[in-house]
Amino acid sequence: MNIKKTGLAALIALAVLSSMVATPIMAAGGIGWGEDTKTPNPEIATEVTIDEWSNADFDTAVEYYDDAGHPATLPASVNESNDNPITLTATNIDFADRNESPRKNDEGSDNSASALDSSEWTTSGATVSESSTAPGVDALNYAGSASSDSATYSNFSVNDGEKSYLTIAADINSASGTPTLQLTDGDGDYVEITLYDSAASASDDSVLANSTGEGKVLQQQVGDLTVAGTGDGSFGSTEEITISGDADVDVSVLDAERTRALTFGERLEDTDDDDELETVTITEPRGSYSVTGMDTFDEVMSDATIYGVTVDAVFQASDITDDEDVSAEFGPTSDYPQWDQLGEIAFRLELPTAFDLSYSGPEFVDEPNLPSERYKAVEIAEGSDDTEFSEIDYTSVASSYDGSTEITLDSTVSPGTAYVVSYDVVLTNDEVSAIQSAASGGGAAVMSSGDGGIISWLLSVPGLIVSSITGFVGFRLFSGGGGS
């Protein structure tokens, strides 16, 4: 017997079979979900706001710090039907390079001062002080009450200043007129952007904001801005930053050195009316904005902490990880003799509570994946955290399963309260096999809890492939082929 060849043939058979089966969603309770399974998958749909989200500690959008300060994962998934399910504000992002510019000393040592240090500014009429744009994001507050008020930062120098990008992220608390920010070179030339102008267009390249509010970002290469002043007419090295005018502004990012624009995420958008979504890089968000995911931010934000991240999330049955929150039994029944089996399936779902979590508009909903006549009973219950499924006092909602594509089971969901839904559904043997096999990461099961599972599988395309390969191996083995 050539064991190596025989084993290789078996491995090939297994690889062929595995490649033909879509990877299912694995879950608790001995059942699972996949592309072809008919497992019910009710969900609590909600927007969840995470007070402090860490790009250093977290890998997914649905992670948070629990009340003990430890990273934890919500039993939830990001809503896949939303192209841009994550919402945030740029001035709520704290990252390492945020307050490193302009530098007072060289690149090779720790920065001893930056434009966000209030003590580095000189003022005329205005006041400059320490502030914040989020609980963990230190900022510089400029407050001027007249058009002649100003504050200047001059303890730095940027050679070839026209090649740099001016980057500012700020909350405009109040403003009047057209307050400005200027960069001035060594011989009196300057470039200028307007911090606030209520008459400006939102797309104006040289205006930070046309309304008050949070999270205003502008990034422009200095050489693309109009040069004015008393110098030689060309912008040289940047020597001063001056904020002037009637405004109350909290600045979380002020950079005049970086030679590229920062990326504040990516979104999907139909930019050319071709009904296809394109990926758009976000460099100048204004106010709260939405992105495709938490892995789309600039590399300098790889360790960022983002405060107040809102996620369009679904707490699905398929996200349950505790076996005690799932009950599933299958078997033949004389009540429905035309069907192979009756599935009695129940799930317990709950929105976790924590200081760092808040929810908006949670609803307990279901999208049936079987014809309405297959649902023989559907019942729900509320507030049954530790009660056995069989002992719960349910309320029937079977009449709602009338062919609707989405059913609201409860529109007033409360965090920290358990919600249970129980189903009696009629199924074929193949459907039961798929549901049970998906729980262990398999595809179509070789055996099922009813008759016909092995025969159905052997007659399937994967079964025929494996049967053919193993038959060939057997023929070679017993005919003495393949060497010794």
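The values are calculated or read from the model by the stated rules, or taken from the named source; none is laboratory data. Not measured: the values here are computed from a predicted model. Neighbour counts run over all protein chains shown; Cβ positions are idealised from the backbone, glycine included. Ligands, DNA and RNA are excluded from the accessible area calculation, which covers all protein heavy atoms including side chains. Shrake-Rupley method; radii C 1.70, N 1.55, O 1.52, S 1.80 Å.
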* Asked: How would you order 174-185, 411-422, 326-337 from highest to lowest mean count of nearby Cβ atoms within 10 Å?
  -> 174-185, 411-422, 326-337
* Accessible area of segment 78-222 divided out per residue, in Å², using a probe of 1.4 angstrom -> 41 Å²
* Tell me, what HN-Hα J-couplings in whole Hz come from the Karplus equation 6.51 cos²θ - 1.76 cosθ + 1.60 at θ = phi - 60° for each residue of segment 388-401, using x for Gly and Pro? -> 4, 3, 6, 9, 7, 8, 8, 10, 6, 10, 4, 5, 6, 8
* All other residues with a Cβ under 10 Å from the Cβ of Gly416 taken together, and with Lys, Arg as +1 and Asp, Glu as -1, what is their net charge? -> -2
* Structure fact -> Computed about the Cα centre, the charge dipole of segment 119-275 from +1 Lys/Arg and -1 Asp/Glu charges at the Cβ has a magnitude in debye, to the nearest 20, of 540 debye
* Asked: So, by mean Cβ neighbours within 10 angstrom, what's the order for 62-70, 47-55 with the highest one leading?
  -> 47-55, 62-70
